[in-house]
Every structure is written in structure tokens, then in C-alpha cells.
Amino acid sequence: MATVHYELQKVRNGHYLFTLKGRNGEIILASEMFCSKASAENAITFARYNAPDEHNYELKRSTDEHPYFVLRGKNEQILGLSGPYSSESDARRGIKAAMECAATEEVMDLTS
């Protein structure tokens, strides 16, 4: 069984992003891209702090009507987005998983 953790990655054009992975190894939420590793690491800290509060989540629908959720910080900045779900109840379960898992201190640094 996988452990709950963040994965910090270096992606195209030298940018960085993080994902939060659940116990099943699937991505719960993914961040935007950041210009520096330090900014991505700070965003993980903000996600840890803001994720346990259900008021920081917003359920939305994509253009093809699939539900997904957004995690926002206290300043309304987007900290992470989920992938699309097949139903609103599944998206709500995803929010619950994010609330439970985001406090993890485990970070896998894959930037090397």
C-alpha cells in the first residue's frame, strides 16, 4: 500500500509543480506551475495549512460537465486542482481525501 505524500517535480521549461498522492497512489490534487522550487515548496506548506478546512474548497464543473474541486488559500489563491470526477459525490469524496491527507509531512523530491 502506498503512503500519503506530496511529489515535487521539475517539468517543462524548468518549472516546478507538486501533486498530493493518496494511500492508493492516485493523485488527489495538483498544483499550478511555479518558476522556482522554493515557490513550489512554499505552496506545499500553504496546502498543508489550508486543506483541512472544508471552506477552502470549491466544487466546479468542467466545460464537459465533469465535477472537480479547487483548493484555495485564505487569500483566495488557487493552491491545487483535482482531476475530473464522474459524479459530484465522487468529487466530494475527493475533497474529504484531500482534507485527510494534505497534512502529511512526507515529500518526495523528484526534481533531481
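Tell me the label-point distance for the pair MET33, ASN13, using the 7 Å Cα-to-Cβ offset, in nm and rounded to one decimal.
0.4
Distance check, please: which entries in LYS37/LYS60; LYS10/LYS60; LYS21/LYS60; LYS37/LYS96 exceed 25 angstrom between their Cα atoms?
LYS37/LYS60; LYS10/LYS60; LYS37/LYS96, as the Cα separations exceed 25 Å there.
Any idea what diffusion coefficient the chain gets from Stokes-Einstein, in µm²/s, Kirkwood Rh on alpha carbon pairs, 37 °C, 0.692 mPa s? Please list the in-between numbers first.
Values: Rh = 14.0 Å.
Translational diffusion coefficient: 235 µm²/s.
Going by how many other beta carbons lie within 10 Å of each one, how would you line up HIS15, HIS55, fewest first?
Values: HIS15 16, HIS55 8.
Taking fewest neighbouring Cβ atoms as first place, the list is HIS55, HIS15.
Where does helix 88-101 land angle-wise versus the long Cα axis of the chain, in degrees 0 to 90, nearest 10?
Compared with the principal axis, the helix lies near 40 degrees.
Each value in this text was obtained by applying a stated rule to the coordinates, not by laboratory testing. The model shown is predicted, which means the values in this text are computed figures rather than measured ones. Note: ideal-geometry Cβ built from the backbone for every residue, glycine included; neighbour counts use all protein chains shown.
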